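S.K.: Here it is: the structure, laid out below.
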Amino acid sequence: MNELAQSPDVARLAAVARLLGGTSTFRKMPRSPLEAHELLLNGLPSKALVYLVANFAFLRWDDSFARAIGMSHRTYQRHTAEDIRQLSPEQSGRAWKLAEILAKATSIFGSKEEAEQWLERPAIGLDQRKPIDLLATPAGVELVEDFLARLEYGVYA
């Protein structure tokens, strides 16, 4: 695969990794979807989730967020207080997916703050459900990703 064919993946992966702390979190930034898969399979460093949460402007830890991440606030607090080093593969995948959706929404709406606010607002194209509420299941994640793709191409319904 030539460098031009890789560049959209590399740019997308870099945007996601930056939301999770970038080079301060990862020894080696993932440069392919397979490298990202391996990273998630081994478990993201807990500091990736800590970085993501610490850099939210509008999102807050509530029940919707806890379901999207697959982790209670208490478990998150234990990860930070007890210096637990790794997230489980499932928690890693959910944190990565949230960062992926946030990166995509940021590119569509023009700012991370707007993207975060969009996650919290009921959306007509999602039957008045908030995108963050749908991130608790793979089917809901797919609905949000499809809706973002429609928004990107100007198809709102």
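All of the numbers you see were taken from the coordinates with simple rules; none came from a lab. In this text, all values refer to a predicted model and were calculated from it rather than measured experimentally. Positions of Cβ are generated from backbone atoms using ideal geometry, with glycine treated the same way; all protein chains shown enter the neighbour counts.
S.K.: With the dipole of segment 3-152 worked out from charges on the C-beta (+1 for Lys and Arg, -1 for Asp and Glu) around the Cα centre, which of TRP61, LEU143, LEU34 lies farthest toward the positive end?
M.R.: Result: TRP61.
S.K.: Okay, next question. Enumerate by residue number the GluC sites (Glu not before Pro) in segment 75-110 meeting two conditions: DSSP loop (anything except H, G, I, E, B), and at most 10 other Cβ atoms within 10 Å of the site's Cβ.
M.R.: Answer in residue order: GLU82.
S.K.: Straight-line reach only, C-alpha to C-alpha below 15 angstrom: list the aspartates and glutamates that LYS47 could link to, leaving out same-chain residues fewer than 8 apart.
M.R.: Reachable aspartates and glutamates: GLU82, ASP83.
S.K.: Which entry in (1) 0.95; (2) 1.02; (3) 1.38 is this structure's computed Cα Rg over 2.2 N^0.38 Å?
M.R.: Comparing each candidate, only (2) matches the computed number.
S.K.: Once you charge only the Cβ atoms, +1 for Lys and Arg and -1 for Asp and Glu, what is the size of the charge dipole of segment 3-152 about its Cα centre, to the nearest 20 debye?
M.R.: For segment 3-152, the charge dipole is close to 400 debye.
S.K.: Follow-up question, since we're still on this one. Quick one: net charge around GLN128, please, counting Lys, Arg +1 and Asp, Glu -1 for every other residue with C-beta under 15 Å from its C-beta. Could the numbers behind the result be given before it?
M.R.: Numbers: positive: ARG121, ARG129, LYS130; negative: GLU120, ASP127, ASP133.
Within the 15 Å Cβ shell, the charges total 0.
S.K.: Around ALA103, what is the net charge, scoring Lys/Arg as +1 and Asp/Glu as -1 over all other residues with Cβ under 14 Å from its Cβ?
M.R.: Charge balance in the 14 Å sphere: -2.
S.K.: Extending each Cα 7 Å along its Cβ direction at GLU82 and LEU41, get the distance between those two points in nm, one decimal.
M.R.: Modelled inter-label distance: 2.7 nm.
S.K.: While we're on this one: Mind listing the long-range amide H neighbours of MET71? Cut-off is under 5 Å, sequence gap 5 or more, other chains count too, H placed in the peptide plane at 1.01 Å from N.
M.R.: The answer is none.
S.K.: Over the chain, calculate the relative contact order: mean separation of alpha carbon pairs under 8 Å at least 6 apart, over the residue count, as a percent. Before the final figure, lay out each step's value.
M.R.: Numbers: 174 pairs, mean separation 34.1, N = 157.
The value is 22 percent.
S.K.: A follow-up question, please. What does the net charge come to around LEU13 if you take all other residues with beta carbon closer than 10 Å to its beta carbon, with K and R at +1 and D and E at -1?
M.R.: Details: positive: ARG12, ARG18, ARG31; negative: ASP9, GLU35, GLU100.
Once all neighbours under 10 Å are counted, the net charge is 0.
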